[in-house]
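What follows draws every value from the coordinates through simple rules; no lab data is involved. Just so it is clear, the model here is predicted, and its values are computed rather than measured. Glycine gets a Cβ as well: all are built from the backbone with ideal geometry, and neighbour counts include every protein chain shown.
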Amino acid sequence: GERQRISIARAMLKDAPIVLLDEPTASLDALNDRAVRTALAALVRGKTVLVVAHRLATIQAADQILVVDDGRIVQRGSHEELIGQEGGRYRRLWLDRERASRWRLGPTGAAGPAP
């Protein structure tokens with residue numbers, strides 16, 4: 001998390017009009033993930049920002065999301081637009097993430113939806 005925060009601080013100091021972020025929240029724990037996303041929100045105001053991300057929460061607030069599958073752009077739109085597309089790749093990924101977030105390990109190690 002420290003490297004990501006330093007990179008974001010450098011980008012803020014440089015005040016570049018275009019910012020490229022490649023997996024800015026990769027391999028962060030929940031606390032650092034939240035801190036980095038908060039810092040990113042401040043960084044992106046008034047700038048053109050390109051973000052490469054696998055974590056959907058990282059790009060949820062983007063004006064425009066491009067979904068790339070096998071090297072091709074297969075969907076484009078805001079989070080709300082993409083969630084509304086029945087059968088769309090982004091919607092499937094989002095719903096899978098939502099379902100996975102409700103799973104917990106039980107005392108015996110058995111996994112299942114949280115009660």
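Show the residues, 5+ positions off or on another chain, whose built amide H is closer than 5 Å to the amide H of VAL52.
LEU21, ASP22, GLU23
Return the equivalent ellipsoid semi-axes of the chain as a descending list in whole Å, where each equals the square root of 5 times an eigenvalue of the C-alpha gyration tensor.
Output for the chain: semi-axes of 28, 21, 11 Å.
By how many degrees, 0 to 90 and rounded to 10, does the Cα axis of helix 89-101 deviate from the longest principal axis of the chain?
Helix 89-101 sits at roughly 60 degrees to that axis.
Between ARG45 and LEU105, 0.36 nm times their residue separation minus their Cα-Cα distance comes to what?
The span from ARG45 to LEU105 would gain 17.7 nm if fully extended.
Please give the helix 30-44 orientation as an angle from the longest Cα principal axis of the chain, in degrees from 0 to 90, rounded to the nearest 10.
Taking Cα atoms only, the helix is inclined about 40 degrees.
When the dipole is taken about the Cα centre of segment 32-75, and only Lys, Arg (+1) and Asp, Glu (-1) are charged at their Cβ, what size is it in debye, to the nearest 20?
My answer is approximately 220 debye.
In the chain, with Lys and Arg counted as +1 and Asp and Glu as -1 at Cβ, which of these residues, TRP94, LEU82, LEU66, has the Cα nearest the positive end of the dipole, that is, farthest along it?
Among TRP94, LEU82, LEU66, the one farthest towards the positive end of the dipole of the chain is TRP94.
Any idea what the dipole of the chain comes to, in debye rounded to 20, about its Cα centre with Lys/Arg Cβ at +1 and Asp/Glu Cβ at -1?
For this selection, approximately 200 debye.
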